[in-house]
Every structure is written in structure tokens, then in C-alpha cells.
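The values are calculated or read from the model by the stated rules, or taken from the named source; none is laboratory data. The structure presented is a predicted model; accordingly, all values stated were derived computationally and were not measured. Here the Cβ positions follow ideal geometry from the backbone for every residue, glycine too, while neighbour counts run over all protein chains shown.
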Amino acid sequence: MAGDQAARDAVAQVARASYGRLVAWLAARSGDIATAEDALADALGRALETWPQGGVPEKPEAWLMTVARRRLIDHARRHRVRRETAATLVLLAEERNQATHAFPDDRLKLLFVCAHPAITSDLHTKLMLQTVLGLDAATIAAAFLEPPATLRQSLWRAKVKIRAAGIGFHVPEAAELPDRLAAVLEAIYAAYGTGWDDWAGLRAGLAGEAIWLARLLAELLPDEAEAHGLLALLLFIEARKPARRDGDGGFVPLSAQNTALWSVDMLAEAEASLHVAAALARPGRFQLEAAIQAVHADRRRTGRVDRDSIALLYEGLYATAPTTGVAVARAAAVGEARGTEAARALLGKLSPDAVATYQPYWVLRAHLGLDRADALARALALTADPAARGLLIERWGDG
């Protein structure tokens, strides 16, 4: 029985680590995301059946790719679809060549496919999170405050549209980029945030995957300032990872983190990426966010935080991207630089509906002493991380 469990654990591990790579590889050759996902699901099912008896293969990812590829070939043969002939020939040629262990990573291509203008813009990020990064519909729906069944149906229709429209699997030409790049950047950032929040759970590896994709995007599109800005932003945040938890797993806020634990190499890479972005002289949201993180990172050198600079940068960020999240962060930054009343005034301008379920808003209200007991109760109800809940209670639980 222990062997069976080890095999099941191996299937789960390779699925988490390789889902996006495998779906992207299969979809790039078949032109059909939904069929690629079905083929991979079939391969994972076969693994659960055979690995407990025959043992885990030496190269589990290659094993899954081989089985899934054969499923795609069988599907094409059964349906005899004319337009699938070329894709089938490619798959058969690779089958003969046994190209099972050194296949390319097509996730960036798939990100741009999901961001195609033919797909409704509000589905771009959600489709990327599911197909490229392997998040389940329930998790995505919770993040976007949607019913899971509704989201599943919308994503399925988007995949059908990709197949029907014959959308090519490639990184777009320069003229096509403006319509797609913003959505790709958003998806990578959302994936990082999902992994960052789930620091010790099943999705923790997403943070590393997001950084890898951001690096690849910056390399492939060296003249896109926001690609470098996003990479800088993720690296600044990730550099602080060793200091985010104490020895007992408790949450440590940024202002209390031991800067000696921050990664010097990662901070240096972040600074370099931000300088590349700035040299392109096309400022944008991710560059401004990275600049804010750069000011925080400077505390490692100076021992202090330049609150005025952070508040000024947040003003610029809000002018560029006036989202609810930026508005709340701006209020917090202005409060640190100019006092509680300034922060309260900015919070008072926000729509109650927009912040009703936004946890940072209620945390900031508690911090500012605005109906603290009610604000704390609301914040706690919206906080899933036990360590973060403990910190909130420690700070304001006495009313």
C-alpha cells in the first residue's frame, strides 16, 4: 500500500510541476486546447492505474507526454478532421523520433493564444490561469468572485472558439502585441500572487513558474518596458521570501522583516531589470509597482524607508491604474507619509460595494482606528491564512 501511495504522490507531483508545459506542448501541435487537456487527463488517469503496479517511470513527465500524444493521434484518426491532418503528421513524426524527453516549453505561446482579441477580454487572465498554469476553475472563480459553474462554461466556450478560429500558436508580431501583452503580463502577475499567498501549499510552486515566465517574456521582448518592469516587481517581492515567516511559521509584515535575510542576488537582478525598463522611457503600471518595491528594498542599505517617495509613487500608480487595490494601497502609503487623516480621507472616497470583500481595506480601517472592532471582524472573515489571522488578532484583538 505504501508503494501505491508513493505512485499516487508521484502522479500528483508531476501534474503540479508539469501541467502547463504539457498542455502547451500538446495544444501547440494539435491547435486544440480542450483536446490537449483531455489527452493529458487521460494520461494522468493511466498513470494512476499503471504506476502503482509497474513503478514510477524514470522520466515521469516524458511518460505522460508520450501517452497524451498517442491519445491526440487516436483522436485525430477517429474524427478524420481535414484540418487536423498537418498536426497529426507532426505528432506521428515526433512519435517515430521518440522525442519524449527534450520537448520545448510552449507556455509563452499559449499565453498569447489565450490573450487573442477573438477571446473576450475578461476571460484572458482566467483562461491563462487554467490552461497554462493549471489552476482549477473553483480556485479561479473564487479569486474573481464568480460561480465556478459559470466560469467553467465560459472557459470551455473560449477554448472552442480558439479551435474554430484556427488561432495560431506563436508569439505575435510587433503590430499584434499591444492587444495581447497587457493580458499576458496580468496573468503572470496573478499566477505569482496565487503562489505567494499559498506559501506552503499545493500552489506555492506557481510563484517560481511565474518568475520563469516573466524572465522568458523579458528575453523574447527586450524592447517592451513593462515586461522588464514585471520581472523586476516579482524579483523584488520574491527576494523577501526568506523573511516573510518567523521560525514558527508566523507572518512577518514587511516593516518588521529582517533585511539581512533578503536575497542580495535577487535584489540586484530586480534593480537591473528596473533600470532596463526605465531606459526604454515608456513608464507603466508594473514599473511603478517595481519602483515602490525598490524603495522598500533600499531599507536594507539605509535602515529606513522613504515614505514620501512611496506616497508619490503611489499617486502616479493610481493615475495609471486606478483599481481598488491600488486605491487602498495608496491610502495606506499616504497615511504613512502624511498622517492618519489624509489616509482616512482617501478611504472615504471609495465605493462601499468595491471594498465590501476586499480584505486589505478592512485591515487598513482597523489600523486607522475606523470602527476597529467591526473592521477587524470583517478582515478576519476574509483572511484564510492562519498566520495572518493571528497577526491581526495580536495587533487589534483587544479592541
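Among the numbered criteria (1) touching a residue at least 12 places away in the same chain (Cβ under 8 Å); (2) closer than 29 Å to residue 375 by Cα; (3) out of contact with any Leu (no Cβ under 7 Å at 6 or more places or on another chain), which one does residue 352 miss?
Just one mismatch for residue 352, condition (1).
Condition first: modelled with pLDDT of 70 or more, under 24 Å from residue 191 (Cβ atoms) and hydroxyl-bearing (Ser, Thr, Tyr). Can you find one or more residues in the stretch 23-42 that meet it?
The answer is yes, given that some residue of the stretch 23-42 is modelled with pLDDT of 70 or more, under 24 Å from residue 191 (Cβ atoms) and hydroxyl-bearing (Ser, Thr, Tyr).
How about the stretch 168-274: which helices (runs of 4 or more DSSP H) wholly inside it have at least 2 residues that are under 19 Å from residue 24 (Cα atoms), touching a helix residue (DSSP H, G or I) at 6+ places or on another chain (Cβ under 7 Å) and aliphatic (A, V, I, L, M)? If you could, list the steps in order and put the result at the bottom.
Details: elements: 177-197, 205-220, 225-239.
Filter on the stretch 168-274 gives 177-197, 205-220.
Hey, could you check the stretch 216-243 for residues that are crowded, with 17+ Cβ neighbours inside 10 Å and not aliphatic (A, V, I, L, M) and say which is nearest to residue 173 (Cα to Cα)? Spell out how you get there, then give the answer.
The initial filter retains those residues of the stretch 216-243 that are crowded, with 17+ Cβ neighbours inside 10 Å, namely 216-218, 221, 224-240, 243.
Add one more test, that the residue is not aliphatic (A, V, I, L, M), and what stays is 224, 226, 228-229, 236, 238, 240.
On the way: 224: 13, 226: 17, 228: 18, 229: 21, 236: 30, 238: 31, 240: 36 Å.
That would be 224.
Can you confirm whether the stretch 85-105 contains a residue that is within 29 Å of the chain's Cα centre (by Cα), within 30 Å of residue 194 (Cα to Cα), hydrophobic (A, V, I, L, M, F, W, C) and modelled with pLDDT of 85 or more? Spell out how you get there, then give the answer.
Taking the stretch 85-105 and keeping what is within 29 Å of the chain's Cα centre (by Cα), we get 100-105.
Narrowing further to those that are within 30 Å of residue 194 (Cα to Cα): 101-105.
Checking which are hydrophobic (A, V, I, L, M, F, W, C) leaves us with 102-103.
Keeping just the survivors that are modelled with pLDDT of 85 or more gives none.
No, that holds for no residue.
Restricted to the stretch 16-59, and to residues that are assigned to a helix (DSSP H, G or I) and among the β-branched types (Val, Ile, Thr), which residue is surrounded by the most Cβ atoms within 10 Å (Cβ to Cβ)?
Going residue by residue through the stretch 16-59, those that are assigned to a helix (DSSP H, G or I) are 16-30, 33-54.
Going one step further and asking which of them are among the β-branched types (Val, Ile, Thr), we end up with 23, 33, 35, 50.
Working: 23: 25, 33: 29, 35: 20, 50: 15.
Among those residues, the one meeting the criterion is 33.
Which condition from (1) crowded, with 18+ Cβ neighbours inside 10 Å; (2) touching a residue at least 24 places away in the same chain (Cβ under 8 Å); (3) within 25 Å of residue 296 (Cα to Cα) is the one that residue 338 breaks?
Result: residue 338 passes all but (1).
Could you tell me whether the stretch 135-150 includes any residue that is modelled with pLDDT of 85 or more and aromatic (Phe, Trp, Tyr)?
No, the stretch 135-150 contains no residue that is modelled with pLDDT of 85 or more and aromatic (Phe, Trp, Tyr).
Restricting attention to the stretch 305-319, does a residue exist that is touching a Lys or Arg at 6+ places or on another chain (Cβ under 6 Å) and polar (S, T, N, Q)? Steps first, answer last, please.
Taking the stretch 305-319 and keeping what is touching a Lys or Arg at 6+ places or on another chain (Cβ under 6 Å), we get 305, 314, 318.
Next, from what is left, pick out any that are polar (S, T, N, Q): none.
Scanning the stretch 305-319 turns up no residue that is touching a Lys or Arg at 6+ places or on another chain (Cβ under 6 Å) and polar (S, T, N, Q).
Of the residues 379, 384, 366, 375, only one is in a loop (DSSP other than H, G, I, E, B), on the phi < 0 side of the Ramachandran plot and either out of contact with any strand residue (DSSP E or B) (no Cβ under 7 Å at 6 or more places or on another chain) or modelled with pLDDT under 95 (or both); which? Break it down stepwise before answering.
Values: 379 fails: in a loop (DSSP other than H, G, I, E, B); 366 fails: in a loop (DSSP other than H, G, I, E, B); 375 fails: in a loop (DSSP other than H, G, I, E, B).
After ruling out the rest, the residue left standing is 384.
Could you give me the residue pairs with C-beta distances under 7 Å whose first residue belongs to the stretch 22-34 and is under 18 Å from residue 156 (Cα atoms) and without any contact (Cβ under 8 Å) to a residue 60 or more places away in the chain, whose second residue is among the small types (Gly, Ala, Ser) and part of a helix (DSSP H, G or I) wherever it lies, and which are 6+ apart or on separate chains?
Qualifying pairs under 7 Å: 26/36; 26/39; 26/68.
Out of 330, 299, 378, which single residue is buried (at least 18 other Cβ atoms within 10 Å of the Cβ), among the basic types (Lys, Arg), under 30 Å from residue 268 (Cα atoms) and over 22 Å from the mean Cα position of the chain (by Cα)? Outline the logic, then answer.
Numbers: 299 fails: buried (at least 18 other Cβ atoms within 10 Å of the Cβ); 378 fails: under 30 Å from residue 268 (Cα atoms).
That would be 330, the only listed residue that is buried (at least 18 other Cβ atoms within 10 Å of the Cβ), among the basic types (Lys, Arg), under 30 Å from residue 268 (Cα atoms) and over 22 Å from the mean Cα position of the chain (by Cα).
Can you tell which of 278, 272, 260 is buried (at least 17 other Cβ atoms within 10 Å of the Cβ) and not hydroxyl-bearing (Ser, Thr, Tyr)?
Details: 272 fails: buried (at least 17 other Cβ atoms within 10 Å of the Cβ); 260 fails: buried (at least 17 other Cβ atoms within 10 Å of the Cβ).
Just one listed residue meets the conditions, 278.
Any residue in the stretch 334-354 that is under 30 Å from residue 221 (Cα atoms), assigned to a helix (DSSP H, G or I) and touching an Asp or Glu at 6+ places or on another chain (Cβ under 8 Å)?
Checked the stretch 334-354: no residue is under 30 Å from residue 221 (Cα atoms), assigned to a helix (DSSP H, G or I) and touching an Asp or Glu at 6+ places or on another chain (Cβ under 8 Å).
Scan the stretch 287-333 residue by residue and report those that are part of a helix (DSSP H, G or I), among the acidic types (Asp, Glu) and in contact with a helix residue (DSSP H, G or I) (Cβ under 6 Å, 6 or more places away or on another chain). Give the steps one after another, and end with the answer.
Going through the stretch 287-333, the residues part of a helix (DSSP H, G or I) turn out to be 287-297, 299-302, 307-320, 324-333.
Now drop any that are not among the acidic types (Asp, Glu), which leaves 289, 308, 315.
Correct list: 289, 308.
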